[in-house]
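Input: a single structure, listed below in structure tokens.
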Amino acid sequence: MTKYSSRYASSPEAVKKYDTQELRNEFLIDDLMQEDELVLVYSHYDRYIAGSAVPVKGDLALETIDPLKAPYFLERRELGIINVGGSGSVVVEGTSFALGFKDALYIGSGNKEVIFKSDDAANPAKFYLNSAPAHTTYPTVKVSLAEANKLQLGTMETANHRTVNQMIIGSVVTTCQLQMGMTELRPGSVWNTMPAHVHDRRMEVYFYLDIPENQAVCHFMGQPQETRHIWMNNHQAVISPPWSIHSGSGTSNYTFIWGMAGENLDYGDMDVCKITDLR
């Protein structure tokens, strides 16, 4: 079964006037990881799609949705997948790729058949999905967590000591515009992406995981001088417009998956905001 919804773009001037519920309605994705369902959210920021697939009783197929106006999902798109559950596999045109916990898979455009499978229904795979429009077909590539390009950033003193796992990114996998990776915060650290930044050349989506029970993450968004916040729970995602910062602080350490698409593939191309200038 496939369930999808659309989110239209909002201007920074409009967002200044949103109350808490309006912010959550526009930017929070809180219905992911539903058993035996393909859940997709189509954002009009860079035509990005974020979603999930959790096969339990049987396999799940990647199906097209009406906004694409395409006979199959990947006709004009590429897809990134990171498994945040039990072991499973993704079958692409008859070729099976085994994905363990936190392993990633890039699938290029033009692949008609994509099937999601779990190895154990009692501990199903939980596939987190990101997709962006693609103009060229590139090979399907698996990237395990061990194969990721790892960056050690931050310090314990500033509560942002973290490992950035670059997985579906130019230095590891060739893509049209999709970029994905996973940042793991060390115990005792709670801040992600601080100092904050914006990149008007591309949008981004954050998906939070490894949040302990009864803990949460406060995600900050908005223009640097007009910030807002959204409280996030485990396995929820949040859409970040190109004009918005995207940063968070948790009541515990946690992990988040970042995915982005847009004008520029340069991971380091960002406009950093001084912490003391945030409002």
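If you keep only loop residues by DSSP, which chymotrypsin sites (Phe, Trp or Tyr not before Pro) in region 1-82 have at most 11 other Cβ atoms within 10 Å of their Cβ? When the chymotrypsin sites (Phe, Trp or Tyr not before Pro) of region 1-82 are filtered for loop state and at most 11 Cβ neighbours within 10 Å, TYR8 remain.
About its Cα centre, the dipole of the chain is roughly 260 debye, where the only charges are +1 on Lys and Arg Cβ and -1 on Asp and Glu Cβ. Remark on GLU263: its backbone amide H falls under 5 Å from those of ARG202, a criterion applied only to residues 5 or more positions apart or on other chains, H modelled at 1.01 Å from N.
Calculated mean residue ellipticity at 222 nm for the chain: -1000 deg cm²/dmol, from DSSP H runs with n ≥ 4 weighted as -39500 (n - 2.57), summed, divided by the residue count and rounded to 500. In the structure shown, do any of LYS16/LYS69; LYS69/LYS142; LYS17/LYS102; LYS3/LYS102; LYS142/LYS274 have a Cα-Cα gap over 31 Å, and if so which? Pairs exceeding 31 Å: LYS16/LYS69; LYS17/LYS102; LYS142/LYS274.
Within region 146-236, the GluC sites (Glu not before Pro) that combine a DSSP coil assignment with at most 12 other C-beta atoms in a 10 angstrom radius are GLU157, GLU213. In this structure the amide hydrogen of ASN149, modeled in the peptide plane, comes within under 5 Å of the amide hydrogens of GLN166, none closer than 5 places in sequence on its chain.
Think of each Lys and Arg Cβ as +1 and each Asp and Glu Cβ as -1; about the Cα centre, that makes the dipole of region 179-278 roughly 160 debye.
Hey, for a label at HIS135 modelled as a point 7 Å past Cα toward Cβ, could you say which residues of region 252-270 have their backbone N under 15 Å away? Within reach of a label on HIS135, which here means backbone N under 15 Å from a point 7 Å along Cα→Cβ, region 252-270 contributes 262-265. Taking all protein chains as shown and a probe of 1.4 angstrom, MET194 keeps an accessible surface of around 30 Å².
Counting only heavy atoms of the protein chains and using a 1.4 Å probe, ASP31 has close to 50 Å² of accessible surface. Amide H to amide H distances under 5 Å link VAL143 with ALA104, LEU105, TYR106, where only residues 5 or more positions off or on other chains count and H is placed in the peptide plane. Computed on region 1-134, the Cα convex hull volume stands at 109 Å³ per residue.
Here, the chain yields an orientationally averaged convex hull projection of 13.7 nm² when only Cα atoms define the hull. Using the Karplus relation 6.51 cos²θ - 1.76 cosθ + 1.60 with θ = phi - 60°, the per-residue 3J(HN,Hα) values for region 232-248 come to 10, 10, 4, 6, 10, 10, 9, 8, 10, x, x, 8, 10, 5, 8, 8, x Hz, with x marking Gly and Pro.
The values are calculated or read from the model by the stated rules, or taken from the named source; none is laboratory data. Keep in mind that this is a model prediction, so the values were computed, not measured. Glycine gets a Cβ as well: all are built from the backbone with ideal geometry, and neighbour counts include every protein chain shown. What goes into the accessible areas is simple: the full protein's heavy atoms, side chains included, and nothing from ligands, DNA or RNA. Shrake-Rupley method; radii C 1.70, N 1.55, O 1.52, S 1.80 Å.
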